[in-house]
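> One structure is given below, represented as structure tokens, and several questions about it will come after.
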Amino acid sequence: MYRTHTCGELRIDHVGNEVTLSGWVQRLRRLGGMTFIDLRDRYGITQLVLDEKAPGDLKKNVDGLGREFVIQVKGVVLERQSKNPKMDTGDVEIDIRSLKTLSPSLVPPFTIQTDTDGGDELRMKYRYLDLRRKVVRENLVLRSKMAIAIRNYLDSQNFIETETPVLIKSTPEGARDFVVPSRMSPGEFYALPQSPQQLKQLLMVAGFDRYYQIVKCFRDEDLRADRQPEFTQIDCEMSFAEQADVLNTFEGLTKHLFKAIKGIELTEEFPRIPYAEAMEKYGSDKPDIRFGMLFNDITKLVQNRDFNVFNTAEYVVAVCAENCAGYSRKQLDALTNFVKKPQIGARGLVYMKYNEDGSYKSSVDKFYTEEDLKSWAEACNAKPGDLLLILSGEKEKTQNQMGELRLEMARQLGLRDKNTFKPLWVVDFPLLEWDEETQRFYAMHHPFTSPKPEDIPLLDTDPGKVNANAYDLVINGVEIGGGSVRIFESGLQAKMFKLLGFTPEQAEAQFGFLMNAFKYGAPPHAGIAFGFDRLVSLFAGLDSIRDVIAFPKNNSGRDVMMDAPSPVSDEQLTELALQIKLPEAK
Ligand code: ASP
């Protein structure tokens with residue numbers, strides 16, 4: 001037997017027992033003639049001691065040890081002289097009687113402890129060492145617990161877990177496909193699923209009624225902190241279901257997870273806010289509602305004076321930052337620089353201080369009377385001591401910019417508390433999005449999303465105005481999931497493809513199997529997918545999904561540990577009937 005106990009298990013009750021432990025050497029200390037070893041495994045750390053009177057060969061054994069050696073120790077549990085209340089095993093230590101090295105270790109490239117000295121790249125290259133660290137491992141334990149809680153809940157609601165293939169035909173979800181060449185069909189390719197969207201719809205045609213899967217999805221897009229080229233969805237579909245059925249079921253799942261995993265009881269119904277309202281009030285389709293600072297459209301109040309910037313703007317918006325009238329010149333300049341950053345793209349920032357003494361001071365005082373400024377304060381419900389921040393320009397852009405500024409202000413004011421959770425549903429998304437560059441419509445969610453029945457006539461006259469039965473779950477400004485009621489009728493589906501610029505032949509070639517399936521009795525159906533990685537990182541209080549993935553890719557989509565992607569041999573290329581033609585260096 002390698003061990004009688006784990007390194008997290010021994011307590012004062014075990015004193016006097018003879019035990020065997022196995023694990024990694026976390027730390028070695030020599031004090032006087034004594035040697036102390038911290039022995040670590042997944043479950044904890046136990047202190048081992050070697051007395052100076054120990055036999056010579058045992059001493060020699062211990063002398064040969066280094067950090068991260070894997071050892072097996074037999075010894076007797078002793079009560080510690082100086083107890084360590086911070087450790088679960090801090091009341092005891094093991095008096096070493098024999099010790100065997102099971103596996104030596106090179107000096108690790110960084111320290112295996114919570115505050116490691118290892119930089120990001122190094123930790124990713126040696127991810128198996130990084131995963132030995134408690135902080136990292138705990139995220140993956142949380143992930144495992146959450147997966148189990150999800151399965152329990154969905155099983156209790158009659159969902160059938162069904163695996164779908166990874167080698168498929170492309171499913172458009174708005175990203176580029178990863179493709180896999182086929183040896184048996186030279187010149188042809190599979191696509192890796194951006195999601196199992198069409199397959200789960202086919203399972204509804206198949207009469208499965210309720211499907212779910214915790215499933216890998218693949219999207220070849222530019223990466224950010226909350227994006228990976230492969231990521232995991234909790235993917236679901238329900239038959240004979242309307243929007244409300246999906247929202248209720250998945251609000252239930254969300255509440256169950258908060259209760260089961262975090263012990264948080266979310267008793268209130270999640271607010272359901274239409275997309276248009278989210279944009280008007282928060283400038284975002286994933287609003288953070290942990291704090292207020294809502295938008296106030298003050299366009300009418302500020303125009304027809306001498307300030308041309310506002311006069312010519314389509315939209316002027318203000319937010320009220322409470323108790324911030326004391327912001328210094330320097331702080332205001334920093335905010336101006338923030339909105340002027342290229343990623344945000346505003347041309348400038350106007351402010352108005354409603355001072356404690358009731359006076360007003362703005363950066364555009366030249367153009368406005370005290371009465372004007374007062375009317376702005378009133379429109380924003382400002383109190384003495386508050387600060388108004390004002391942006392102007394083209395409406396959609398300005399909304400987005402103010403959305404970013406609102407988040408930045410809340411960050412500065414400490415209003416984005418990681419332990420407060422405020423979920424909401426954003427509903428009634430537009431069906432289509434117009435793209436100026438390519439001069440065509442794109443599906444805002446995906447092409448299988450149903451228009452609102454009352455908007456169907458608009459598909460012919462004003463498609464941009466059509467709203468969809470599509471919804472997102474948002475928690476603390478993070479889009480956790482999204483879904484929609486589906487089209488289940490081949491005629492309407494064909495019309496949708498046409499709107500998206502597919503010729504009937506292209507639609508047939510790409511989606512024929514789905515439209516055909518709809519001809520054999522398709523039930524009305526609707527579904528949703530949650531981003532599992534994001535959900536876990538939210539629960540873990542982390543900003544990046546990388547920390548909740550065992551083997552993540554870096555920002556260039558590389559696995560730096562395995563060194564992938566990497567070239568393949570000429571034989572493989574020949575077999576696949578492929579030739580590499582690299583773009584010429586610029
Ligand atoms: N397939 C969709 C997505 O990946 C989710 C859904 O509509 O159910 O976003």
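The values are calculated or read from the model by the stated rules, or taken from the named source; none is laboratory data. Given the structure is predicted, the values throughout are model-derived calculations rather than measurements. Using ideal geometry, Cβ is built from the backbone for each residue, glycine included, and neighbour counts are taken over all protein chains shown. Just the protein is used for accessible areas: all its heavy atoms, side chains included, with ligands, DNA and RNA removed. Shrake-Rupley method; radii C 1.70, N 1.55, O 1.52, S 1.80 Å.
> In the set G16, G44, G32, which member is on the phi > 0 side of the Ramachandran plot, open to solvent by 10 Å² or more (accessible area, probe 1.4 Å) and modelled with pLDDT under 95?
Values: G16 fails: modelled with pLDDT under 95; G44 fails: modelled with pLDDT under 95.
The unique qualifying residue is G32.
> Pick from segment 52-93 the residues that are in a loop (DSSP other than H, G, I, E, B) and farther than 23 Å from E9 by Cβ: which of them is modelled with the highest pLDDT?
G66
> Out of everything in segment 497-538 that is out of contact with any helix residue (DSSP H, G or I) (no Cβ under 6 Å at 6 or more places or on another chain) and among the polar types (S, T, N, Q), what residue ends up being nearest to the ligand (Cβ to nearest atom)?
The selected residue is Q510.
> Next question, about the same structure. Where residues in segment 483-496 are open to solvent by 10 Å² or more (accessible area, probe 1.4 Å) and closer than 12 Å to T449 by Cβ, which of them is farthest from the ligand (Cβ to nearest atom)?
Taking the candidates together, the pick is L492.
> Still on this structure, please answer the following. Given the conditions (1) in contact with a strand residue (DSSP E or B) (Cβ under 8 Å, 6 or more places away or on another chain); (2) open to solvent by 60 Å² or more (accessible area, probe 1.4 Å), report the number of the one that K262 does not fulfil.
The failed condition is (1).
> Out of the residues in segment 211-222 that are assigned to a loop (DSSP other than H, G, I, E, B) and open to solvent by 40 Å² or more (accessible area, probe 1.4 Å), which is farthest from T164 (Cα to Cα)?
D222
> Only helices (runs of 4 or more DSSP H) wholly contained in segment 454-543 count here; list those with 3 or more residues that are over 30 Å from the mean Cα position of the chain (by Cα).
458-461, 490-499, 504-517
> Something else now. So which residues in segment 459-476 are crowded, with 21+ Cβ neighbours inside 10 Å and more than 12 Å from E433 (Cα to Cα)?
Result: N469, A470, Y471, D472, L473, V474, I475.
> On to the next question. Can you pull out every residue in segment 398-431 that is over 20 Å from the mean Cα position of the chain (by Cα), more than 15 Å from V319 (Cα to Cα) and either surrounded by fewer than 16 Cβ atoms within 10 Å (Cβ to Cβ) or at pLDDT below 95 (or both)?
Within segment 398-431, G414 is the sole residue that qualifies.
> Continuing with this model, one more query. Identify all residues within segment 562-586 that are open to solvent by less than 50 Å² (accessible area, probe 1.4 Å) and either β-branched (V, I, T) or part of a helix (DSSP H, G or I) (or both); write none if there are none.
Residue satisfying the conditions is L573 alone.
> Filter segment 532-545 down to residues that are touching a Ser or Thr at 6+ places or on another chain (Cβ under 9 Å) and open to solvent by 20 Å² or more (accessible area, probe 1.4 Å) and give me whichever is nearest to K216 (Cα to Cα).
Taking the candidates together, the pick is S544.
> Please enumerate the residues belonging to segment 223-242 that are within 14 Å of the ligand (Cβ to nearest atom), assigned to a loop (DSSP other than H, G, I, E, B) and among the hydrophobic types (A, V, I, L, M, F, W, C).
A241 - this is the single residue of segment 223-242 that is within 14 Å of the ligand (Cβ to nearest atom), assigned to a loop (DSSP other than H, G, I, E, B) and among the hydrophobic types (A, V, I, L, M, F, W, C).
> Criterion first (aromatic (F, W, Y) and either out of contact with any Asp or Glu (no Cβ under 9 Å at 6 or more places or on another chain) or at pLDDT below 95 (or both)) does F530 satisfy it?
No; evaluated as a whole, the condition is false for this residue.
> A further question follows. Hey, Y43 hits all of (1) touching a Gly at 6+ places or on another chain (Cβ under 7 Å); (2) under 19 Å from R29 (Cβ atoms) but one; which does it fall short on?
Here Y43 clears every test but (2).
> For G174, only one of the following conditions fails: (1) within 13 Å of the ligand (Cβ to nearest atom); (2) more than 26 Å from the chain's Cα centre (by Cα). What is its number?
Against the list (1) within 13 Å of the ligand (Cβ to nearest atom); (2) more than 26 Å from the chain's Cα centre (by Cα), G174 comes up short only on (2).
> A further question on this structure: Is there any pair with a first residue in segment 200-213 that is closer than 14 Å to N158 by Cα and modelled with pLDDT of 95 or more and a second that is open to solvent by less than 50 Å² (accessible area, probe 1.4 Å) and assigned to a helix (DSSP H, G or I) whose Cβ atoms are under 6 Å apart and which are 6 or more apart or on different chains, and what are they?
Note: pairs meeting the criteria are Y211/K200; Y211/L203; Y212/L154.
> For segment 67-79, state whether one or more residues are farther than 19 Å from C7 by Cα, open to solvent by 30 Å² or more (accessible area, probe 1.4 Å) and among the aliphatic types (A, V, I, L, M).
The answer is no; no qualifying residue exists.
> I need the helices (runs of 4 or more DSSP H) fully contained in segment 113-191, keeping only those with at least 2 residues that are open to solvent by 60 Å² or more (accessible area, probe 1.4 Å).
Fully inside segment 113-191 and qualifying: 120-125, 134-156.
> For D559, indicate whether it is crowded, with 17+ Cβ neighbours inside 10 Å and more than 16 Å from the ligand (Cβ to nearest atom). Step through it out loud before you land on a result.
Numbers: crowded, with 17+ Cβ neighbours inside 10 Å: yes; more than 16 Å from the ligand (Cβ to nearest atom): yes.
Yes; evaluated as a whole, the condition is true for this residue.
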